[in-house]
Amino acid sequence: MLSYILSIVVLATVVVELSECGTNFMKPVFNVMTPYSWAKDRYVNDTVTDESNVMYNGEVCQIVNLNLLMRHVARYPSLYWIRRMKNLHKMMNNNPDVVKKHKFLKTWIIPFAEENAYSMSALGNEEAATLGRTFGEKFKQLFEGKMDLIDYTITSKEVTQQSFHAFHKSLNGTILADAPMPIPTVDDERLRFYSKCKKYRTYSDKSNVEYDSFVGGTKMRTVVDKIKKLLGVKNLKTEQVITMHQICAFELGMFNQSEWCSFFTLDDLLVLDYLFDLSHFWQRGFGYPINWQMSCPFTSHIFKRFDDIIAYKNETTVADIQFAHSYTLLPVYTAFGLFKDSNTLLANNFESHKSRLFRVSSACPFSANLGTALYKCGVSGNFVVKMFVNEEEVNIPACGSKVCLYQDFKQAYKLLGDCDFQKICKTQ
């Protein structure tokens, strides 16, 4: 009788685990590979809030300028990962026992052509179309009749050009404008500052201590050992498990299904998500001051633009819309104190950070965006600021509320407005 009960328990556990694997993963657990809609958890047809006006101290304030920083849309994997995926599949396919247990491996063909590496996917095009519509409706009052007064900036990477093109097409259609497609400015100094900062690169080289420690720790070893057993491969490495995770993430995001996801449970994905967050925290987050200090070219541009608007030195620009990368957004988030936890992310405190604020899957999925809007109040003439992360208004750490007086905002972040990039990035 006891053996019968144990058999039922084991069978139930297997059924639960199989039903969990790969079927309920469309949520923010894939770090920077997370599709935007999974992080937003909303439908395309949800009502969009008009943010053209805000209330401050009992008076109406009207938007006069918007700085919008967007991560590029969903894309294909990089060439580096595509080749790792091919090598992994070849290794598994050469093992008859693995193929016998997981028959899909025999017929699976990698759906990511090398010539498409790092370029916009169909999912990315959908994200751009949705965001063009959303921002067009959210800031319609600012954009109507002024589409030619928007400054667009991209990086030297083609995926940002593709993101801009798809976004502009959607925004243009939403505003019912007939504006010609503008030529965006390429500015790596402002949007890929991390590639220009020598001091940052020296810190980046030594920031993998916590990542490496977590890789060798109990949580990751448990995930790797479980997948080894599932595959029947004794010499499977952590890097290969991460490659399997990449296939699962990209296939599930682009095609809504992936048999590679069947190797993981949701708990496995949460462990891997923390592993990647450790890397981002120490290389682009609160780990080292240089991570946020180097965002100076971008942050100082915001303050200069707003100051010029206030001083009537610029009446020809209503918005800066910029397309960049996760390596851009994360340091900027950090510079403004967004997503800061009370304790440092370490290899040994996974359990205490299960509800962490610094969660890249939610904060910086594909198409992630940070909006900083400047408003002028009609009676007092005061200027106030509001910030939006992934379209949602957020509390501004500088003042602890969702609307800040601009002079207080500027004072609180004075190191971001008055900064010397060359001095910050100079090595000793």
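The values are calculated or read from the model by the stated rules, or taken from the named source; none is laboratory data. Remember, it's a predicted structure, so these values are computed and weren't measured experimentally. Glycine also receives a Cβ, built like all others from the backbone with ideal geometry; neighbour counts cover every protein chain displayed. Ligands, DNA and RNA are excluded from the accessible area calculation, which covers all protein heavy atoms including side chains. Shrake-Rupley method; radii C 1.70, N 1.55, O 1.52, S 1.80 Å.
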Give LYS157/LYS237; LYS354/LYS426; LYS198/LYS219; LYS86/LYS229; LYS146/LYS313 a once-over and call out the pairs whose C-alpha atoms are over 25 Å from each other.
-> LYS157/LYS237; LYS354/LYS426; LYS198/LYS219
Percentage relative contact order, the stretch 194-322, counting C-alpha pairs under 8 Å, at least six apart | 29
Projected onto the charge dipole of the stretch 107-168 (unit charges on the beta-carbon of Lys, Arg, Asp and Glu, signs +1, +1, -1, -1), the Cα from PHE112, THR134, SER163 with the largest positive-side position is that of THR134
In range of the label at ASN95: residues from the stretch 251-273 whose backbone nitrogen is under 19 Å from the point 7 Å along Cα→Cβ | 259-265
Label ASN208 and GLU239 with points 7 Å out from Cα along Cα→Cβ: what is the distance between them in nm?
-> 0.9
Remind me, relative contact order of the chain in percent, using alpha carbon pairs under 8 angstrom and six or more residues apart?
-> 28
What's the angle, to the nearest 10 degrees (0 to 90), between helix 266-284's Cα axis and the longest principal axis of the chain?
-> 40
In degrees from 0 to 90, rounded to the nearest 10, what is the angle of the helix 79-93 Cα long axis to the longest principal axis of the chain?
-> 10
Would you grab the residues whose amide H sits under 5 Å from the one on ILE154? Only those 5+ places off in sequence or on another chain, please, with H modelled 1.01 Å from N.
-> THR185, VAL186, ASP187, PHE323
Cα-only Debye scattering, the stretch 205-308: base-10 log of I(q)/I(0) at q = 0.09, 0.11, 0.20, 0.21 Å⁻¹ | -0.35, -0.49, -1.01, -1.07
Sorted peptide list for 271-277, 197-203, criterion being average Cβ within 10 angstrom, highest first = 271-277, 197-203
What's the center-to-center distance, using Cα atoms, between the stretch 130-146 and the stretch 341-403 in Å?
-> 21
What does the highest-first list of 31-37, 147-153 look like by mean Cβ count within 10 Å?
-> 31-37, 147-153
Residue of SER362, SER213, SER326 that the Gaussian network model of the chain assigns the largest fluctuation, springs spanning Cα pairs under 10 Å = SER213
Carbon/sulfur accessible area of the stretch 330-415, % of total, 1.4 Å probe, equals 48
How many nm is it between the label spots at GLN411 and VAL48, if each spot is 7 Å from the Cα in line with the beta carbon?
-> 3.6
